[in-house]
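Notes to accompany the following structure.
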Amino acid sequence: MKLKTTTIIAAFLLALTAKAQRVTSTSKKYIGLDIGYRFDNLNDQNLSPLNQKGEGLSYSLFYEKRKKNILKLNINYSDGLLESGVNDTFETSYYTGSFNASYLKSLSHSAKTTKFYIGLTYNLDVYYMDWFDQDAFSYSTTNGLSFTGAFTKQLNTKQFIEGSVTIPFLQYLSRPPYNGINEFIIENQDTPVNIIFDGELTSFKKYKAIAWNINYNLEISNHINWRLNYTLNIKKVIEINKVKSVSNLISTSISYKF
Amino acid sequence: MFPTLSQLVYLTNFNMKKIITILILVIATSCSKVIIEENEPNTKKNNFEILWNDFDQHYSLFVIRDINWNDLYDRYQPQVNENQSDDELWTLFSNLLEHLDDSHTVMYDGNGNSYRSGYKLNKQSINEISKTLIEEKYIEEITTISSEDDLLYSKIKNKNIGYIYLGTMDGSNPAVMDNVVAKLEAYDAIILDIRQNTGGEDRYSARIAQSFSDGRHLVYTVQTRNGPNHNDFDSKTEYFTKFNNSNTYNKPVVVLTDRKTISAGEVFLLHMKAFNNVIQIGDTTAGDFSTLSNMRFLPNGWHYQYSIQKFLLPNGESLDGIGHIPDVYVKNTEADIKAGNDTVLDTAIQHLFNEFGIE
């Protein structure tokens, strides 16, 4: 099953590359940097029975190619501090990293100002929490494919609004074992990649997530584009140690158009 | 009367922006409350329930230590009430956890105070050894290994015996023990003192033991609790002594232990006692082998850890709650130390003379 999923992911990425190569030179390409602030509320029963709330900075590098269809690549890193307990005495550091590659196919006529898209996203999301030099830690890694639906609304020649919804459907999920630690984790503590990717194909019943993004884009000049982003991420892991997470991210980006 | 096209576009954009802004605000504030449930209430009873249930679901040694956790709930839960002080609740929790007699069960109040289960004898042993006395009376030519925590080697004064003190298994380069053993190779025996060894990493222990290894032996298995029943454990992971043919030590080794030789210090002994040339002299060790859980948290700010594994000897027996019983039992008293005598070290030196004629 693992091989089958890897093959599907590889085929999807190959298709992205092939499609990207077929796009003509009239397409708009953007490369940019996004900086934002995120607000997190979560409960990870592996880390603690207590709710955690916190905030932190978020940084993304992205590349987009837009013509009729849209190709998006995004690498994100963020970190911050979560607080819990009486008077918020427990402070837990958290670190997240993600890579997303989306291909969105247009469903609308190119002359219309409002266009709708549907497509696939490959995602790799890592969420790691560390309390006081690993005296307590937890993590949640997902890796797989999601459905994405999107729209763009051209306000005028220089402004447009874009919205998207992403729902994962084929994901490998890696979570700590029942007791948080086991011999596998102890043996692999020097190579955390082995732990993070020791996942299993999960069902929609066990893992539910939705990411909703809306952004406003303004073309400042022929080559510079400014964007204001809002992203809402909701995740729910129904396993032995449940996770519920809501994250709000407000960010802004500058990109170079070529 | 009718707005122009550009006015319409403006109005549409304005309304859309307004709608989106309102939508974002509504979603951002309401989603968290809907998805994340109410936080655990910080009441005395709820703190007790979380603690008791967490142990019930995750602690690994109820069966091995013959603890009836349900009986303890019936005994202690009725004593919890919302009018008692934090100090009274702390005492009640401590009394409950004392039944485990497991010094890997530790509770912190977040204000610098802590409680450790079954720690009375361990604590007492702190005053039953004096490093100053050892260094002044018993050893010479002392070399401290700066790369490691609490590791030194030397020789016993006026004897052809090497001496190593290792106070923790938390260092960064256990292979340095190969060099230490090489330095002491000319002596007829080594006394390896791991009294007050506070433990650390089992892998570190295994690598240190390799410097004295005479072969590859199955020494223990580890299982981690993986389910809600007290007997739910994952499959056994087997651990063997490490062996390097080009680097062995075959002369007598005396390992000194006390009640505070604990955890990875005891795992080290599991390795060492598999070798033919090793004997243990001193007091019985703590009897706490398991890896500690992640820190666990209570709504009132207290936090705690406990054992999550069981270690078994190849014959299926457990030393948890028992410890390593020495081949030659001897322990210091505070009076011995005050009188300038380390009876344990004296016994080891005498044993090497009696058994091997080493002096």
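Give the relative contact order (percent, whole number) for chain B; include only Cα pairs under 8 Å separated by 6+ residues.
Normalised by residue count, the contact order of chain B is 18 percent.
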- Query: Who wins for biggest fluctuation among A:ASN229, A:ASN213, A:ASN156 in a Gaussian network model of chain A, springs between alpha carbons below 10 Å?
  - Reply: A:ASN156
- What's the FRET efficiency of B:GLU98 with B:TYR329 using the Cβ-Cβ distance as r and R₀ = 25 Å, to the nearest 0.05? 0.45
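Jot down the per residue volume, in cubic angstrom and as a whole number, of the convex hull over the alpha-carbon atoms of segment A:87-190.
With only Cα atoms used, segment A:87-190 gives 169 Å³ per residue.
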- Task: Would you calculate the volume per residue, in Å³, of the smallest convex hull containing every Cα atom of chain B?
- Result: 238 Å³
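If you take every DSSP beta bridge whose two residues both sit in chain B, what share of them, in percent to the nearest 5, is antiparallel?
Just about 60 percent of them are antiparallel.
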- In nm, the gap between the two label points placed 7 Å beyond Cα toward Cβ at B:ASN179 and B:GLU136 is 3.1 nm
- Query: What is chain A's relative contact order, in percent, from Cα pairs under 8 angstrom and six or more apart in sequence?
  - Reply: 18 percent
- List the extent of the Cα atoms of segment B:308-347 along each of their three principal axes, largest first, rounded to whole Å. 42, 22, 10
- Query: Just from its helices, what would the mean residue ellipticity at 222 nm be for the protein assembly as shown, if runs of 4 or more DSSP H residues each count -39500 (n - 2.57) and the sum is divided by every residue, rounded to the nearest 500 deg cm²/dmol?
  - Reply: -7500 deg cm²/dmol
- Task: Would you work out the relative contact order for segment A:45-129, in percent, from Cα pairs under 8 angstrom that are 6 or more residues apart?
- Result: 25 percent
- Query: Taking segment B:54-154, how much of its Cα-Cα pair set, in percent, is spaced more than 20 angstrom apart?
  - Reply: 58 percent
- What spacing in nm lies between the two simple spin-label points modelled at B:HIS217 and B:GLU355, each 7 Å away from Cα in the Cβ direction? 1.3 nm
- Message: Would you report the distance distribution of C-alpha pairs in segment A:99-258 as whole percents per 5 angstrom bin, up to the bin with the largest distance?
- Response: 2, 8, 14, 17, 16, 13, 10, 8, 6, 4, 2, 1
- Residue with peak Gaussian network fluctuation, chain B [Cα springs, cutoff 10 Å], from B:TYR76, B:TYR249, B:TYR306: B:TYR76
- Choose one answer from B:LEU312, B:LEU72, B:LEU345: the residue with the largest mean-square fluctuation in a GNM of chain B with alpha-carbon springs under 10 Å. B:LEU72
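Average projected area of the Cα convex hull of the protein assembly as shown, in nm²?
Values: hull surface 146.2 nm².
So the Cα hull casts an average projection of 36.5 nm².
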- Query: Label points 7 Å out from Cα along the Cβ direction at B:ALA186 and B:LYS157: separation in nm?
  - Reply: 2.1 nm
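The numbers here are math on the coordinates, done by the rules we state, and not lab data. The model shown is predicted, which means the values in this text are computed figures rather than measured ones. Glycine also receives a Cβ, built like all others from the backbone with ideal geometry; neighbour counts cover every protein chain displayed.
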